[in-house]
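The values are calculated or read from the model by the stated rules, or taken from the named source; none is laboratory data. If you're wondering where the values come from, they're calculated on a predicted model, not measured in any experiment. Using ideal geometry, Cβ is built from the backbone for each residue, glycine included, and neighbour counts are taken over all protein chains shown. Side chains included, ligands, DNA and RNA excluded: accessible areas come from the protein's heavy atoms. Shrake-Rupley method; radii C 1.70, N 1.55, O 1.52, S 1.80 Å.
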Amino acid sequence: MKTTVDSIIYNAKVYTVNTSFEIQESFAITNGKFVAIGTNESILEKYTASNTINLKGKTVFPGFIDPHCHFYGLGLTLQQVNLVGTKSYEEVLERIQKFHKENPSDFIKGRGWNQNEWETKEFPTKDKLDELFPNMPVAVNRIDGHAMLANQKALDLAAIDANTKIDGGEIILKDGKPTGVLLDNAMNLVYKIMTKPSKKIQIKGLKEAEAVCFSYGITSVSDAELGQETVELMHDLQQRNQLKIRIYSMILATKSSLNYYLQKGVSKTDKLTINAFKFYIDGALGSKGAYLKENYENENHQGILVNTEERLLEIAQKIKDSQFQLNVHAIGDQANEIALKTFVDKVGISKERRWRVEHAQIIDPIDFKYFEIIFPSAQPTHATSDMYWAEKILGKKRMKGAYAYKELLNRNGRIALGTDFPIEQVNPFLTFYSAVARKDTKGFPANGFQIENALTREETIKGMTIWAAYSNFEENEKGSIQKGKFADFIVLDQDIMTCEIDEVPNTKVLMTFSGGELVFGE
């Protein structure tokens, strides 16, 4: 007699991503989890279900896990003016005007400009913004979230002038006057006077962000910067089944958050895990805020230390005595050295704690050894976004330790691969392509950017599934198609493990399942 299950998927090419990287044909699901995986014959002979799906040879993978993104940030960005892809400051201004006309508000917010994609390559100034919006505050973030352009009205409301000083940030001046560009902690002065998004807008943003993720086959996200209020909103929506995506939350390591969560302890449901703190050391490379050991090329400037080494050590020692993970944003080689030496030499953290360096973007070769203990979490599309200008500001020598994903993998044995959306696109197929081919979608450069640090397809898919789960201590519940794990899986229109590599960016998700439930496609 056959065993009744909720669903049977058969006649598929199933990449299980289990220990031996088996390819199977069929699996059965009950109560949102995989109960058996095998051949068509073995599953159909043993199980029966009212819901059976014949995939007619289509390719199946575990649901993608994005181990470093800004899920809530994406939701809010979708409610603001989108400046991604603008090719000039003039286009930025046009989009702001158009958005405000269609979405009037009392404070114009946006994100996505990138001066490195403009002909001038220079930071913009607020002059034209002041002319267009003399009485309306405007603040629009650079694509990396580490620089902001604010008009005079916003600066006035934030009480920012040429004499304003702030630790871990910078107010860019020209001829002794603010240009409107604020770096890193200086942006906080504007954030304090911004109107807070309503709960309705926050919920709308979260649901829209979830829909985008599901459409790309992402079933779990690690949100790399959350506060208590947002986490509680997510939990409430999940409890009411209004938010189905699984979330691993990194709580921003503020004094209040540390006090609250260290006392409360790690908490976990099937959809929400609170197990990590996030700490920033430096800014971003594109805004020249990444903290370097030596000056940027042709400049008397090493970047921005957003927090002190002493503060990191104090927090790390507190967290060491708890069950929590500590994940540190470090992009420049000096920032990475600070994080790595603090973790290993000063705090004495063990590999089993899986403390992470987020980005691990520019590493001095002498510091790679620390990744034998510290877990690397990287975003391959940063390499292919930055490759056009990175050497110009870093110099050839420092490029040897930049975007070195293969070296990081060789040192640690695992690497988590994410997107950092909305800084980069949500699309995980671009992550896969950038990691393997090291090219942009136009096929540049022909031989790949620093191709010696390319990953294999198998390494890459592991970095987007089982290793990403491992980086969150969740490898026993997700990341592969195995008995007892959540039935999070996706169906693709082509096999990214065997198709021409240049076709990978064109891949479409046909169906996304979370806990055995169809959440995208038909």
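Brief remarks follow.
- Just one residue in the set Lys255, Lys271 is farther than 23 Å from Ile143 by Cβ and touching a residue at least 24 places away in the same chain (Cβ under 8 Å); that residue is Lys271.
- Residue identified as open to solvent by 40 Å² or more (accessible area, probe 1.4 Å), free of Cβ contacts under 8 Å to residues at least 24 places away in the same chain, of a type outside the set (Ser, Thr, Tyr) and within 20 Å of Tyr15 (Cβ to Cβ) among Asn410, Asn476: Asn476
- Within region 324-363, the set of residues being under 23 Å from the mean Cα position of the chain (by Cα) and assigned to a loop (DSSP other than H, G, I, E, B) comprises Phe324, Ile331, Gly332, Arg354, Trp355, Ala360, Gln361, Ile363.
- One residue stands out in region 441-474 among those that are of a type in the set (Gly, Ala, Ser) and assigned to a loop (DSSP other than H, G, I, E, B): the one that is nearest to Phe324 (Cα to Cα), namely Ala454.
- Test: Lys439 is surrounded by fewer than 16 Cβ atoms within 10 Å (Cβ to Cβ) and of a type in the set (Lys, Arg): no
- Checking Gln317, Gln361, Gln379, Gln302 one by one, the residue that is open to solvent by 50 Å² or more (accessible area, probe 1.4 Å), at pLDDT 95 or above, closer than 23 Å to Gln115 by Cβ and not aromatic (Phe, Trp, Tyr) is Gln302 and no other.
- Considering residues of region 84-95 that are part of a helix (DSSP H, G or I) and not β-branched (Val, Ile, Thr) only, the residue nearest to Glu210 (Cα to Cα): Arg95
- Within region 24-51, being out of contact with any Phe, Trp or Tyr (no Cβ under 7 Å at 6 or more places or on another chain) and over 22 Å from Lys244 (Cα atoms) holds for Gln24, Gly38, Thr39, Glu41, Ser42, Glu45, Lys46, Tyr47, Thr48, Ala49, Ser50.
Here is a yes/no grid of residues against (1) among the polar types (S, T, N, Q); (2) surrounded by fewer than 19 Cβ atoms within 10 Å (Cβ to Cβ); (3) over 30 Å from Asp167 (Cα atoms):
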position: Ala209; (1), (2), (3): no, no, yes
position: Val231; (1), (2), (3): no, no, no
position: Arg240; (1), (2), (3): no, yes, yes
position: Ala253; (1), (2), (3): no, no, no
position: Tyr260; (1), (2), (3): no, yes, no
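- Some residue of region 235-249 being modelled with pLDDT under 95 and in a helix (DSSP H, G or I): no
- Residue match in region 175-193 (condition: part of a strand (DSSP E or B) and surrounded by fewer than 15 Cβ atoms within 10 Å (Cβ to Cβ)): yes
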